[in-house]
1. Just tell me the longest site-free run in the chain, where the sites are GluC sites (Glu not before Pro) in a DSSP loop having at most 14 other beta-carbon atoms within 10 Å.
2. Whole angstrom only: what separates the Cα centroid of the range 265-284 from the Cα centroid of the range 166-183?
3. What is the Cα coordinate range of the range 7-96 on the first, second and third principal axes, sorted by size from largest, in whole angstrom?
4. Quick one: work out Rg over Rh on the C-alpha atoms of the range 248-348, Rh as Kirkwood radius.
5. If you wrap a convex hull around the Cα atoms of the chain, how much volume per residue is inside, in Å³?
6. When a footprinting reagent is the concern and you count Cβ atoms within 10 Å, what order do Ser139, Ser4 take, fewest first?
7. Using alpha-carbon positions, what is the distance between the centroids of the range 188-210 and the range 41-108, in Å?
8. Average the reciprocal distances over every distinct pair of alpha-carbons in the range 181-240, invert the result, and give the Kirkwood radius in Å.
Amino acid sequence: MDASPYDRIVAAKAALGGDLAILAHHYQGDDVYRHADFAGDSLELSSRIEGLDASSIVFCGVTFMAETAAVLAKPGQNVFIPDPKAGCVLSDMAPAPLVAAVIKRLRAGGRRVIPLTYVNSQAEVKAVCGRYGGSVCTSANARIMVAWALAQGEGVLFLPDQNLARNTCDALGVPAGRRQVLDVFSRGRTIDTARLAGKDVMIWPGQCVIHSRIKPAAIAAFRAEHPGALVVVHPECSPEVVAAADSCGSTSHIIGYCEAAPAGRTVAVGTEINMVARLAKKYAGVKTIVPLMGRGCSNMAKITEEKLARQLDDLDRETPVAVGPDVREPARLALTRMLNACRAAGLR
Ligand code: 13P
């Protein structure tokens, strides 16, 4: 009988030993997640790369995460992803040529606008940010990085997630009148730079197709049914949803929040379903974890245990994630600025 994907992965890990590191994002399904040497949110996963000595890193997540790992990897290290088609709809909302055209437009009058991209973006977009003195942020460090970017120049272009941008501005006290969601169509030609003079944060109009589906009404209905229950959401949710929740933060923040919730309490979680289901199972009988919506990320779900097993069956013949040097160097600069700013702020 053929060995199961589980057994093939266990055997490959034993054979490769320290030459292999498997990283997984919290949104991975349990059958993949259980094989991870390290699981984390986007910031934890990117911060982890520098300390890895394995010659092969297999990244169970979506392509922008694997690309980020490839940009940060040391010479001689290869990064693989079990399905390179595991994209991110949000990251596709800001293609690099359009980002470059918009930043040029915003800077046309000599204003030193600093681009700050959410990590959910293509490596080419991170490269554009690196070239223009900008950086990257994740849901875990967005406040630190928006404050950093505001201190670098004369306004910030935040992309591509408008909800994360608005939630972060709310948290930092950037008034609504000093931010503007941009019209980025027609390659930014319709952007009136004179009208943006008083705007500190200029916001790309993208959003996550999963988190943006969560509505404040779902929280109101949940609270009516479960008086005294708690609600925690991801900052890719709208500001209205964040305002209706008790807490908001990265996937690791959400995990910590559920862990800290007192026994016997009910916690509603507004994020991707795989992670919520795992938390519900973990705390069954102690506290009740329920999803605010039932949607999974179809791209994260493209990484299956069978695809991971197939990749590990013969890793030498697999094609690593490739990021050319013209993109890699400026993208690395943007990411290094983020990791340094986080270290300086005492965050990981
Ligand atoms: P975290 O950085 O919170 O893990 O989020 C990543 C993500 O893509 C959320 O949709």
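What follows draws every value from the coordinates through simple rules; no lab data is involved. Keep in mind that what you see is a predicted model, and the values were worked out from it rather than measured. Here the Cβ is made from the backbone with ideal geometry for all residues, glycine too, and neighbour counts use every protein chain on show.
1. Looking at the chain, 155-348 is the longest stretch - no exposed GluC sites (Glu not before Pro) with at most 14 other Cβ atoms within 10 Å.
2. Cα centroid to Cα centroid, the span is 30 Å.
3. Cα spread of the range 7-96 along its principal axes, largest to smallest: 41, 30, 21 Å.
4. Looking at the range 248-348, the ratio lands at 1.10.
5. That works out to 142 Å³ per residue.
6. With the sparsest Cβ surroundings first, the list reads Ser4, Ser139.
7. Cα centroid to Cα centroid, the span is 24 Å.
8. 14.6 Å
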